[in-house]
Amino acid sequence: MSPKEAELRQKTILLIEGDDNYSFFYSKSLQSSFQVVWAHDGKQGLNLAGQLKPDLILLEIILKGDDGFEVLKKLKAGPETKKIPVAIITNLAHPEDREEAMRLGACEYILKTENHTQELLNKIDEIITGQAQ
C-alpha cells in the first residue's frame with residue numbers, strides 16, 4: 001500500500017442514502033479505500049455528521065423525512081459541519097436540482113447512473129485531497 005493509499009484509508013465517508021441496495025453497493029465499493037459509515041435518513045445523517053465529523057459526506061436527495069436539500073442546508077448551517085465537503089449522489093438529472101444543490105453548498109453533483117465505481121473513487125479522492133474543481 002502506497003503512502004497516499006494508507007492516508008486515504010484513514011479517511012471517513014458518511015453515506016446518507018435511504019435505499020438499502022445503493023447503500024450496500026456504495027459501502028462495499030468504497031470500504032476498500034475509505035472508512036464508510038451509513039445513515040439511512042437525514043436525521044441520522046445529521047447526528048452522525050456532528051459526532052464523526054467525516055472527511056466527506058455523500059448525500060442522496062431522495063430521503064425519508066427531510067430531503068437531501070434540507071439536510072444540506074442544515075449541514076452548511078451547523079457550526080460543526082459547515083466545513084465538511086458534501087457531494088450529492090443521486091439519480092435526479094434535472095439541471096435545476098444540480099443548480100440548487102450547488103447553490104446550497106454541495107462541492108460535487110454525481111449522477112449514480114453515469115459514474116462507475118472507479119470514477120466515483122477518483123472523484124472522492126479529488127474532493128478529499130482538495131483537488132476538486
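The single condition among (1) out of contact with any Leu (no Cβ under 9 Å at 6 or more places or on another chain); (2) at pLDDT 95 or above; (3) closer than 18 Å to VAL36 by Cα that ARG103 does not meet is (3).
Taking the stretch 4-16 as the range and being surrounded by fewer than 18 Cβ atoms within 10 Å (Cβ to Cβ) and either modelled with pLDDT of 95 or more or small (Gly, Ala, Ser) (or both) as the test, the residues that pass are ALA6, THR12.
Among the residues of the stretch 17-27, are any surrounded by fewer than 16 Cβ atoms within 10 Å (Cβ to Cβ) and modelled with pLDDT of 95 or more? Within the stretch 17-27, not a single residue is surrounded by fewer than 16 Cβ atoms within 10 Å (Cβ to Cβ) and modelled with pLDDT of 95 or more. None of LYS28, LYS74 is touching a residue at least 12 places away in the same chain (Cβ under 8 Å) and of a type outside the set (A, V, I, L, M, F, W, C) except LYS74. The conditions of being within 19 Å of THR12 (Cα to Cα), touching a Leu at 6+ places or on another chain (Cβ under 7 Å), touching a residue at least 60 places away in the same chain (Cβ under 8 Å) and buried (at least 16 other Cβ atoms within 10 Å of the Cβ) are met by ILE128. Whether a residue is of a type in the set (Lys, Arg), in contact (Cβ under 8 Å) with a residue 24 or more places away in the chain and either out of contact with any Asp or Glu (no Cβ under 6 Å at 6 or more places or on another chain) or within 14 Å of SER23 (Cα to Cα) (or both) was assessed, and LYS53 passes this test.
The values are calculated or read from the model by the stated rules, or taken from the named source; none is laboratory data. Quick caveat: nothing in here was measured; it's all calculated off a predicted structure. Counting neighbours? That spans all protein chains shown, and the Cβs are built from the backbone with ideal geometry, glycine included.
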